[in-house]
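First comes the structure, then the notes that go with it.
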Amino acid sequence: MSSTVRRTQPQRGGQAGRVGTGKSSARSSTKPSVKRAKRPEVRLPPLTPFGVGATAGGGGLEPDGDYDGVEFHGLDLAGQDGGGARFLDCAVRDCALTETRLSAARFIDSVLDSVRGVGTDLGAAVLRDVEIKEPRLGGVQLHGATLERVVISGGKIDYLNLRQSRVKDVVFENCVLVEPDFSGATLERVEFVNCALKGVDFDRATMKDVDLRGASELDISRGIDRLAGTVISPSQLVDLAPAFAAQTGVRVEA
């Protein structure tokens, strides 16, 4: 059953607490309700434009290539094969990635800015300490991937496939995710900040310290029974109540 939660303003902070007195009560009131995600701190060195000197290669991405301190700017990388490549201290800006093969690639301490395309293959890739800004992507394959200390800010991603992935210390903010698939994924310290989740699939997902309170829209298509380990707002709880009731077989009648 699909359940939708919409809100006009973020509702962050605040948690139900036990009324009490003394130091123990004060300590409990300051205890955070959910652990916050650790954000990346990407500081790029001076970069060498792709295609210059040692980065020239054959004019395109290479399987198992090694790119260190390279900037890819305004390039059409559609259909190219960079599977297994390593990108360290790199920037990929305003590049087309339609059907680009980057399976098992590793992006470390890097920035992807205004990338666009359909069918980008990042299956089993590793993204660690990565900032993704204003993406315009559809059908991105990140199944079996590892995302750690990643921020995805702005933009829109349709049909994001994160099945069986490991997602830790990841923040989705000010973006739109249409039918993202987290089925079978492991999520830990993940935050959705002013992010629209439309038709999200949490089937068989395992979650810990996942903060959904900041979602501007929360539309769950599957996996309402997998929300253990998440934090939601009181208003979201009210909107999700029919789905929770249906999941447990409870009938609500006037």
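Here is how the numbers come out for the structure above:
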| item | result |
| --- | --- |
| Cut-off 10 Å between beta-carbons: net charge of the residues surrounding V115, Lys and Arg +1, Asp and Glu -1 | +1 |
| Label-to-label distance, nm, for residues given as A245 and K133 (7 Å Cα→Cβ offset) | 4.7 nm |
| Sequence of T248, T206 from largest to smallest accessible area, 1.4 Å probe | T248, T206 |
| FRET E, pair R166, R36, Förster distance 25 Å, beta-carbon r, rounded to 0.05 | 0.85 |
| Chain lengthening between V238 and E173 when straightened (0.36 nm per residue, less Cα-Cα) | 21.1 nm |
| Mean accessible surface per residue for the range 162-219, computed with a 1.4 Å probe while every protein chain stays in place, in Å² | 28 Å² |
| Protein accessible area in the range 75-157, 1.4 Å probe - carbon and sulfur % | 47 percent |
| Pairwise label distance in nanometres, I108 with R93, each label 7 Å out on the Cα-Cβ vector | 2.4 nm |
| Accessible surface, 1.4 Å probe, highest first, among residues K198, K35 | K35, K198 |
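The values are calculated or read from the model by the stated rules, or taken from the named source; none is laboratory data. In this text the structure is predicted, and so the values were computed from the model without any measurement. For neighbour counting, all protein chains shown are included, and Cβ atoms are generated from backbone atoms with ideal geometry for every residue, glycine included. What goes into the accessible areas is simple: the full protein's heavy atoms, side chains included, and nothing from ligands, DNA or RNA. Shrake-Rupley method; radii C 1.70, N 1.55, O 1.52, S 1.80 Å.
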